[in-house]
1. Relative to a virtual label point 7 Å from the Cα of Leu129 in the Cα→beta-carbon direction, which members of the range 56-100 show backbone nitrogen distances below 17 Å?
2. Tell me the mean residue ellipticity at 222 nm calculated for the chain from its helices only (DSSP H runs of n ≥ 4, each -39500 (n - 2.57), averaged over every residue, nearest 500).
3. What relative contact order, as a whole-number percentage, does the range 80-121 give when Cα pairs under 8 Å and 6 or more residues apart are counted?
4. Only residues of the range 46-87 count here: report those whose backbone N is under 16 Å from the spot 7 Å along Cα→Cβ of His116, or say none.
5. Quick one: grab the alpha carbon gyration tensor of the range 43-122, order the square roots of its eigenvalues as a ≥ b ≥ c, and give me rounded if a/c is under 1.5, else prolate or oblate depending on whether a/b is larger than b/c.
6. State which stretch of the chain is the longest one without any exposed GluC sites (Glu not before Pro), exposure meaning a DSSP loop state and at most 14 other Cβ atoms within 10 Å.
7. Between Met1 and Thr53, what length in nm is gained on full extension when 0.36 nm per residue of separation is reduced by their alpha carbon distance?
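Just so it is clear, none of the values below were taken in a lab; they were calculated from the coordinates. Everything numeric here is computed off the predicted structure, so don't read it as measured data. Note that each Cβ is placed from the backbone with ideal geometry, even for glycine, and that neighbours are counted across all protein chains shown.
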Amino acid sequence: MSTAQYLARIELLCTREFPVARDGAWPGRGGPGYHLAELGAEHTPGEDDDPATRASALDQYEAERHGLTALLTERWGAPDRMGLGGVLLRAMERGEDIPEPWASLSARVPDVDLWHTAGRWVALGVARLDPSQPPRLLAAVTTVDPP
């Protein structure tokens with residue numbers, strides 16, 4: 001996908017109605033008050049076994065995230081950078097019930113660039129915490145406040 005396609009996908013997520021119930025499996029799922037989407041998926045799961053390929057895919061998605069963040073910053077201002085490690089820790093060690101999409105994001109993404117616009121939060125990050133899964137560029141749009 002190109003940066004223009006990523007932007008179009010985020011814009012669609014920002015204007016689309018939220019599902020009334022959780023729908024779909026990861027990726028591209030949504031539920032009451034949120035949408036989650038993979039923006040880039042050119043890396044195939046079979047390539048994960050090769051650390052060099054995984055590192056290359058991770059570098060690619062981080063560069064795409066950086067470029068997309070720059071464009072979104074022009075529209076909505078500078079994002080906040082939110083680390084999600086504490087959210088994951090609260091869920092895993094304390095058994096805290098973390099609302100979606102934050103629970104799914106914290107299990108996959110160490111941090112997100114975060115904007116609040118038109119009553120919705122827009123989060124952008126690179127999934128890389130699960131070594132059994134390929135890196136992915138992820139976007140979330142939600143009315144659920146960050147935990």
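1. Within reach of a label on Leu129, which here means backbone N under 17 Å from a point 7 Å along Cα→Cβ, the range 56-100 contributes 81-100.
2. My calculation for the chain gives -12500 deg cm²/dmol from helical runs alone.
3. Relative CO of the range 80-121 lands at 54 percent.
4. The answer is 76-83.
5. oblate
6. 43-95
7. Full-extension gain reported as 16.9 nm.
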